[in-house]
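Enquirer: One structure coming up, written as structure tokens, with questions to follow.
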Amino acid sequence: MRVVRVARIFLTGLSWIVAQCIGHVASVQAEDVGNWPQWRGPLGTGEATYASPPVEWTDEQNVRWKTKLPGRGHSTPILWGDHIFITTAIPVGEKLPPKMSGRPGAHDNLAVDSKFQFVVLALDRDSGTILWRRVVREAIPLEGGHKSASLASASPVTDGQRVYAHFGSHGVYCLDFEGKLLWQKDFGPMHTKHGHGEGSSPALYGDALIINWDHEEQSALIVLDKTTGKLLWRRERDEVTSWSTPIVVSHDGIEQVIVCGTDRVRGYDLATGKTIWECGGMSANIVATPVVGGGMLYVGSSYEKRALLAIRLEGAEADITNTSNVVWSRTRGTPYVPSLLLLDGGLYFLAHYQNILTRVDAMTGQESPGPMRLGALSSIYASPVAAAGNVYVTDLEGTTMVISGGEIPRAVSVNPLGENVNASLAIAGNRIFIRGEHHLFCIAQE
């Protein structure tokens with residue numbers, strides 16, 4: 001996950017975008033315009049800058065193309081130029097005797113009953129044609145994961161020259177745009193809480209590729225040289241499983257990696273791995289990815305307790321729990337699976353993974369008019385995204401509700417796709433890319 005400096009060309013909302021640039025990492029080149037290079041988009045906030053996608057579609061209307069995808073995965077597609085990259089896991093060979101996870105507290109998990117190929121796919125952006133299919137690993141999975149998860153849940157990331165894919169226990173891989181494997185790393189088995197599976201996406205900044213390796217054994221934050229795969233540093237963490245993706249922020253001339261964990265949210269010096277600051281107060285089972293804007297960090301969780309914190313990065317050193325650096329907090333309506341969204345000074349989040357959307361003023365935490373029930377939607381695992389001042393929220397049944405941004409959000413449209421959706425949407429230019437259970441859809445105005 002990269003948090004980046006991008007100047008919005010539209011006059012409306014300009015002051016907020018300028019504020020967002022303070023404390024952000026300026027790592028994306030001009031070529032990023034019209035791309036979606038990572039989980040949570042070019043800004044790392046869930047917003048697609050410069051985009052003007054449709055607000056209405058069905059399984060037939062405004063579908064430019066749809067492509068059948070092999071296997072199963074919940075990773076979000078990423079886009080650069082005329083390429084789309086996506087990961088998947090494909091069962092192969094004879095069926096094996098089913099094996100369930102032996103992790104403590106395991107429940108609602110899928111049995112491991114076959115070998116799988118772990119695959120990176122490249123598709124043509126205009127036609128949806130599969131350009132290449134690279135099997136990077138074939139193995140019997142360590143765990144089947146939760147029934148709502150997949151063996152390819154971590155989204156890839158690209159710098160415009162290479163694509164990086166993370167399959168947890170089954171390795172980290174760097175490929176070029178032709179599908180050639182440049183390097184790979186294996187950090188051994190990852191034992192997740194309850195055997196629910198792996199899902200944290202890799203983050204990319206400068207020459208560094210950042211991996212969150214939080215699990216039930218020895219957790220760590222791992223930073224690799226993106227060109228060679230060489231280990232730059234590894235910082236062991238006193239944490240259990242988290243599925244949250246790291247972000248990178250530049251503040252006071254220091255690039256810091258921010259990682260959410262059950263015990264603490266921490267900021268690490270990207271150059272050395274030294275802990276700069278830490279803050280307690282989160283829930284267990286951290287999933288949502290944080291966002292940064294206007295010099296503020298926003299982190300949310302919801303499991304055995306609900307917590308959302310707004311942390312001022314200025315002056316953040318050592319333990320800032322319950323200090324003035326925590327500008328505001330709340331304990332209701334906080335997110336569990338879907339991540340936070342920043343748009344034009346507003347912070348948007350869903351309650352747990354339910355169909356209740358809240359918008360607050362990002363600087364003050366004040367909400368007006370209050371939570372909005374999205375009656376057309378049911379359970380929501382995909383994270384909300386935004387473009388052209390609208391918010392897009394997609395539920396498990398594949399229905400997307402478009403909501404106007406601003407202080408008083410209003411429903412714009414309800415768009416059924418006719419296929420289940422777990423992955424978050426990617427938006428670039430005038431198109432939306434939706435990964436369904438079986439297909440990748442390109443939505444564009446006809």
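The values are calculated or read from the model by the stated rules, or taken from the named source; none is laboratory data. All figures in this text were calculated on a predicted structure; none of them were measured in a lab. Heads up, the Cβs are rebuilt from the backbone with ideal geometry, glycines too, and the neighbour counts pull from every protein chain shown.
Enquirer: Looking only at residues that are charged (D, E, K, R) and assigned to a loop (DSSP other than H, G, I, E, B) in region 146-179, which one is farthest from G44 (Cα to Cα)?
Expert: The selected residue is K147.
Enquirer: Would you mention how many residues in region 107-141 are part of a loop (DSSP other than H, G, I, E, B) and under 21 Å from Y164 (Cβ atoms)?
Expert: Restricting attention to region 107-141, the residues satisfying the condition of being part of a loop (DSSP other than H, G, I, E, B) are 107-108, 110-111, 113-114, 125-129, 140-141.
Add one more test, that the residue is under 21 Å from Y164 (Cβ atoms), and what stays is 125, 141.
The qualifying residues number 2.
Enquirer: Pick from region 60-106 the residues that are of a type in the set (S, T, Y) and part of a strand (DSSP E or B): which of them is farthest from K147 (Cα to Cα)?
Expert: T67
Enquirer: Same structure again: Report whether or not I286 is of a type outside the set (K, R), farther than 19 Å from P37 by Cβ and surrounded by 24 or more Cβ atoms within 10 Å (Cβ to Cβ).
Expert: When the stated conditions are applied, I286 passes them.
Enquirer: If I go through region 141-163 residue by residue, how many of them are over 22 Å from H194 (Cβ atoms) and more than 14 Å from the chain's Cα centre (by Cα)?
Expert: Number of matching residues: 5.
Enquirer: State whether the residues of region 405-424 include one that is touching a Pro at 6+ places or on another chain (Cβ under 8 Å) and part of a strand (DSSP E or B).
Expert: no
Enquirer: Within region 317-371, how many residues are of a type outside the set (S, T, N, Q) and not in a strand (DSSP E or B)?
Expert: So the count comes out to 18.
Enquirer: Condition first: at positive phi, touching a residue at least 40 places away in the same chain (Cβ under 8 Å), surrounded by fewer than 24 Cβ atoms within 10 Å (Cβ to Cβ) and within 21 Å of the chain's Cα centre (by Cα). Can you find one or more residues in region 392-412 that meet it?
Expert: no
Enquirer: Follow-up. Determine the pairs where a residue that is modelled with pLDDT under 95, located within region 127-145, has a partner that is loosely packed, with under 14 Cβ neighbours inside 10 Å and assigned to a loop (DSSP other than H, G, I, E, B) with Cβ atoms under 6 Å apart, the partner being 6 or more residues away or on another chain.
Expert: L142/P189; G144/A111
Enquirer: Mind checking whether some residue in region 97-119 is closer than 22 Å to Y173 by Cβ and out of contact with any Asp or Glu (no Cβ under 9 Å at 6 or more places or on another chain)? Walk me through it before giving the result.
Expert: Just the residues of region 97-119 that are closer than 22 Å to Y173 by Cβ, to begin with: 112, 114-119.
Add one more test, that the residue is out of contact with any Asp or Glu (no Cβ under 9 Å at 6 or more places or on another chain), and what stays is 119.
Checking region 97-119: at least one residue is closer than 22 Å to Y173 by Cβ and out of contact with any Asp or Glu (no Cβ under 9 Å at 6 or more places or on another chain).
Enquirer: Can you tell me which residue in region 263-282 is farthest from L342 (Cα to Cα), limited to those that are surrounded by fewer than 19 Cβ atoms within 10 Å (Cβ to Cβ) and hydroxyl-bearing (S, T, Y)?
Expert: By that ranking, first place goes to T272.
Enquirer: Here's something else I'd like to know. Quick check on L313: is it surrounded by fewer than 24 Cβ atoms within 10 Å (Cβ to Cβ) and touching a residue at least 24 places away in the same chain (Cβ under 8 Å)?
Expert: yes
Enquirer: Does at least one position in region 186-197 carry a residue that is closer than 23 Å to L270 by Cα and within 18 Å of the chain's Cα centre (by Cα)?
Expert: no
Enquirer: Check E216 against each of (1) at pLDDT below 95; (2) closer than 18 Å to C260 by Cβ; (3) acidic (D, E) and name the one condition it does not meet.
Expert: Among (1) at pLDDT below 95; (2) closer than 18 Å to C260 by Cβ; (3) acidic (D, E), the lone unmet condition for E216 is (1).
Enquirer: Out of (1) surrounded by 19 or more Cβ atoms within 10 Å (Cβ to Cβ); (2) out of contact with any Leu (no Cβ under 9 Å at 6 or more places or on another chain); (3) part of a loop (DSSP other than H, G, I, E, B), what's the single condition that is false for S383?
Expert: (2)
Enquirer: All but one of (1) at pLDDT below 95; (2) surrounded by fewer than 22 Cβ atoms within 10 Å (Cβ to Cβ); (3) not acidic (D, E) hold for W233; state the number of the condition that does not hold.
Expert: Unmet for W233, out of (1) at pLDDT below 95; (2) surrounded by fewer than 22 Cβ atoms within 10 Å (Cβ to Cβ); (3) not acidic (D, E): (1).
Enquirer: Further question: For L374, indicate whether it is within 25 Å of L313 (Cβ to Cβ), modelled with pLDDT of 95 or more and of a type in the set (A, V, I, L, M).
Expert: Against the criterion (within 25 Å of L313 (Cβ to Cβ), modelled with pLDDT of 95 or more and of a type in the set (A, V, I, L, M)), L374 does not qualify.
Enquirer: May I pose another question? Take region 188-219 and flag every residue that is surrounded by fewer than 17 Cβ atoms within 10 Å (Cβ to Cβ), free of Cβ contacts under 8 Å to residues at least 40 places away in the same chain and out of contact with any Leu (no Cβ under 9 Å at 6 or more places or on another chain).
Expert: Hits for region 188-219 are G188, E217, Q218.
Enquirer: Go through region 236-262 and give me each residue that's buried (at least 23 other Cβ atoms within 10 Å of the Cβ) and in contact with a His (Cβ under 8 Å, 6 or more places away or on another chain).
Expert: T241, V249
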